[in-house]
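Asks: Structure incoming, see below.
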Amino acid sequence: MTSVREKSPLTVVGIGTDGWPGLSSQAREAVLNADVVVGSPRQLAYLPAGMKTAPWPSPLLPGLDDFLAEREGRVCVLASGDPLLSGIGTTLIQRGYDVEVLPALSSVTLARARLGWSAEETEVVTVVGRAIARVSRALAPGRRILVLGANAEDLLGLLKARGYGKSRVTALSDLGGPDERVGPGSLTVFAIEADGPALPLTGLPDDAFEHAGQLTKRDLRASALARLAPSPGELLWDVGAGAGSVGIEWSRVHPLNRAIAIERLPERAARITRNAHALGVPELDVVIGAAPEALEGLARPHAIFVGGGLTVPGVLDACLATGARIVAHGVTLESEQALARAYGEHGGELIRVGVEQAAPLGGFTGWTPARAVTQWSKP
């Protein structure tokens, strides 16, 4: 990437569909004092005639740094509404630019005002440049959701597929401008009043996952996640991920949580990807390969779950070397021995978890035991 522009700060001005008349005096002054104003053709069309303007390159990101490096003097960047709400302001800051932000009312604020929805009771999901599957994580009975950047057909198809086809969906377009209306338009926010089956963020039933037996079952998953202790924004490695259930539930805890599922078999890796999309965390990263080699070069994790590969030389050592919190499950004598050694050398907690379920036994009811699992955890 080209080094960031070492000139005066970029001023990013939010502009709504009400155009130039809707700008504050401070925002107008920033635009008028700029040597060049950049933005989308639609945004630039709002400006008074005679100004020096330059439309963004297309595609944007590959050419953004070179484009800005070529601009001389004071540069003003136009953004839609709030530049830090799925906007160019966030992109510029993440790329290291010195930025001054002058926001306008966002489409989210305007949509909530039209609907009478408070900020506290409304979840916002952006699918700008992202998978529509992200909406699935937010679905819950009675939930109020605003979706940005969605295609109506894709959104309605997802709601139907997830059992939320009866939800009330309102399209609000070109908010704040003269062409504002209810219905799809050039700039549309979709408001969802969700009506469908409840699905918890964690503690998902086993049948919520597509699997062929390689699944960390719900009770064991709950025990593992309690000790993995996810916090917002943290990264998990799910090593020997199987169906991906632990990494998926980790990601569902908070929208900023991230997970990398490491799985050596391509067919299982494909299954993990399908599960992640179905359960609303499509950003879950799936790495096909065998640990420990597949762990090399991955972003440093905050926590690691080892569901498979404990007896492979170097796997547990590579995980311990990260300094992350670790939870590992073993079901064979060999994997139990590996965990006993880890407990002896590194401390932590070593437990055996046995789960029994009530089931018919003749004309009565008896207990059916599942295979016991040894769990080692190190905070």
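Asks: Counting just the residues of the range 304-329 that are in a strand (DSSP E or B) and in contact (Cβ under 8 Å) with a residue 60 or more places away in the chain, which one comes out surrounded by the most Cβ atoms within 10 Å (Cβ to Cβ)? Steps first, please.
Replies: Residues of the range 304-329 in a strand (DSSP E or B): 304-306, 325-329.
Adding the requirement that they be in contact (Cβ under 8 Å) with a residue 60 or more places away in the chain leaves 304-306, 325, 327, 329.
Details: Ile304: 25, Phe305: 30, Val306: 27, Arg325: 20, Val327: 25, His329: 24.
Among those that are in a strand (DSSP E or B) and in contact (Cβ under 8 Å) with a residue 60 or more places away in the chain, it is Phe305.
Asks: Return the residue satisfying two criteria in turn: it lies in the range 128-148 and is part of a loop (DSSP other than H, G, I, E, B) and open to solvent by 50 Å² or more (accessible area, probe 1.4 Å), and of such residues it is nearest to Ser118 (Cα to Cα).
Replies: Arg143
Asks: Of the conditions (1) in the same structural domain as Gly89 (by the TED database); (2) without any contact (Cβ under 8 Å) to a residue 24 or more places away in the chain; (3) of a type in the set (D, E, K, R), Asp154 clears all except one; give me its number.
Replies: (1)
Asks: Could I ask something else about it? Could you list, ordered by first residue, the pairs with Cβ atoms under 7 Å in which the first is in the range 54-71 and farther than 16 Å from Ser40 by Cβ and the second is in a loop (DSSP other than H, G, I, E, B) and open to solvent by 70 Å² or more (accessible area, probe 1.4 Å), at least 6 apart or interchain?
Replies: Listed pairs, sorted by first residue: Asp65/Met1.
Asks: Turning to a different aspect of this structure: Of the residues that make up the range 291-298, is at least one outside any loop (DSSP other than H, G, I, E, B), on the phi < 0 side of the Ramachandran plot, in contact with a Lys or Arg (Cβ under 8 Å, 6 or more places away or on another chain) and not hydrophobic (A, V, I, L, M, F, W, C)? Give the steps one after another, and end with the answer.
Replies: The initial filter retains those residues of the range 291-298 that are outside any loop (DSSP other than H, G, I, E, B), namely 293-295.
Right, trim to on the phi < 0 side of the Ramachandran plot and you get 293-295.
Going one step further and asking which of them are in contact with a Lys or Arg (Cβ under 8 Å, 6 or more places away or on another chain), we end up with 294.
Adding the requirement that they be not hydrophobic (A, V, I, L, M, F, W, C) leaves none.
Checking the range 291-298: not a single residue is outside any loop (DSSP other than H, G, I, E, B), on the phi < 0 side of the Ramachandran plot, in contact with a Lys or Arg (Cβ under 8 Å, 6 or more places away or on another chain) and not hydrophobic (A, V, I, L, M, F, W, C).
Asks: Hand me the list of strands (runs of 3 or more DSSP E) wholly inside the range 1-90 holding 3 or more residues that are aromatic (Phe, Trp, Tyr), open to solvent by less than 70 Å² (accessible area, probe 1.4 Å) and out of contact with any helix residue (DSSP H, G or I) (no Cβ under 8 Å at 6 or more places or on another chain). Give the derivation first.
Replies: On the way: elements: 10-15, 36-39, 53-55, 75-80.
Filter on the range 1-90 gives an empty set.
Asks: So, one more: Which number in (1) at pLDDT below 95; (2) crowded, with 17+ Cβ neighbours inside 10 Å marks the one condition that Pro178 misses?
Replies: The one condition Pro178 does not meet is (2).
The values are calculated or read from the model by the stated rules, or taken from the named source; none is laboratory data. This structure is a prediction, so every number in the text was calculated from the model and none was measured. FYI the Cβ positions are ideal-geometry reconstructions off the backbone, even for glycines, and counts take in every protein chain you see. Quick note on the areas: whole protein, heavy atoms, side chains included, nothing else; ligands and nucleic acids left out. Shrake-Rupley method; radii C 1.70, N 1.55, O 1.52, S 1.80 Å.
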